[in-house]
Amino acid sequence: MPRRKKAANPERIHVSQFKIMWNVVAFDLPMNDRKERRAYAQFHKFLKRDGYFMMQESVYARPCPNADNLETHKKRLLRNLPPYGQVRILAFTDAQFGKMEVYYGRVKGEPEKPPDQLTLF
């Protein structure tokens, strides 16, 4: 009689730190007139709606479960770029992102952690 496979225990599922990706967006947008301020506000709202969180002023990050998902969000980001200013898009593996050093004044802090796997999907 063939042996039955045990069901996977969701608590034991290992997600590789080399598969999870981080999309980091840094931007410098002008806000000299009403039109530029509106473009900034729309871009900021897009980032928040698309799952990005603020790391610091004008720097946002979004964890992605894999490289394909990162590309999907990058394409969405490119479609929503403001007409003015500078935007930089960086991609990191979770392992690279975890090597980031964070300081609050002279006190060393911890980089952001990815959300639980269930939150990613």
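Does the stretch 50-66 contain any residue that is surrounded by 10 or more Cβ atoms within 10 Å (Cβ to Cβ), under 11 Å from the mean Cα position of the chain (by Cα), modelled with pLDDT of 95 or more and acidic (Asp, Glu)?
Yes, the conditions are met somewhere in the stretch 50-66.
Considering only residues that are out of contact with any Asp or Glu (no Cβ under 9 Å at 6 or more places or on another chain), over 15 Å from Gln42 (Cα atoms) and touching a residue at least 24 places away in the same chain (Cβ under 8 Å), which ones fall in the stretch 57-87?
Correct list: Val59, Pro65, Asn66, Ala67, Asn69, Leu70, Lys74.
Does the stretch 72-82 contain at least one residue that is within 22 Å of Lys113 (Cβ to Cβ) and either touching a Pro at 6+ places or on another chain (Cβ under 7 Å) or of a type in the set (Asp, Glu) (or both)?
For the stretch 72-82, residues within 22 Å of Lys113 (Cβ to Cβ) and either touching a Pro at 6+ places or on another chain (Cβ under 7 Å) or of a type in the set (Asp, Glu) (or both): absent.
Tell me the residue from Val87, Val102 that is at pLDDT below 95 and either among the hydroxyl-bearing types (Ser, Thr, Tyr) or in contact with a strand residue (DSSP E or B) (Cβ under 7 Å, 6 or more places away or on another chain) (or both), please. Let's see the steps before the verdict.
Working: Val87 fails: at pLDDT below 95.
Testing whether each residue is at pLDDT below 95 and either among the hydroxyl-bearing types (Ser, Thr, Tyr) or in contact with a strand residue (DSSP E or B) (Cβ under 7 Å, 6 or more places away or on another chain) (or both) leaves just Val102.
Out of the residues in the stretch 73-84 that are exposed (fewer than 13 other Cβ atoms within 10 Å of the Cβ) and of a type outside the set (D, E, K, R), state the one that is nearest to the chain's Cα centre (by Cα).
Step by step, filter the stretch 73-84, then rank; the result is Leu78.
In the stretch 85-114, what residues are of a type in the set (A, V, I, L, M, F, W, C), under 13 Å from the mean Cα position of the chain (by Cα) and not in a helix (DSSP H, G or I)? Full working, then the answer.
First, the residues of the stretch 85-114 that are of a type in the set (A, V, I, L, M, F, W, C): 87, 89-92, 95, 97, 100, 102, 107.
Now drop any that are not under 13 Å from the mean Cα position of the chain (by Cα), which leaves 89-92, 97.
Scanning the stretch 85-114 gives Ile89, Leu90, Ala91, Phe92.
The values are calculated or read from the model by the stated rules, or taken from the named source; none is laboratory data. Quick caveat, the model's predicted, so the values are computed rather than measured. All Cβ positions, glycine included, derive from the backbone under ideal geometry; neighbour counts span all protein chains shown.
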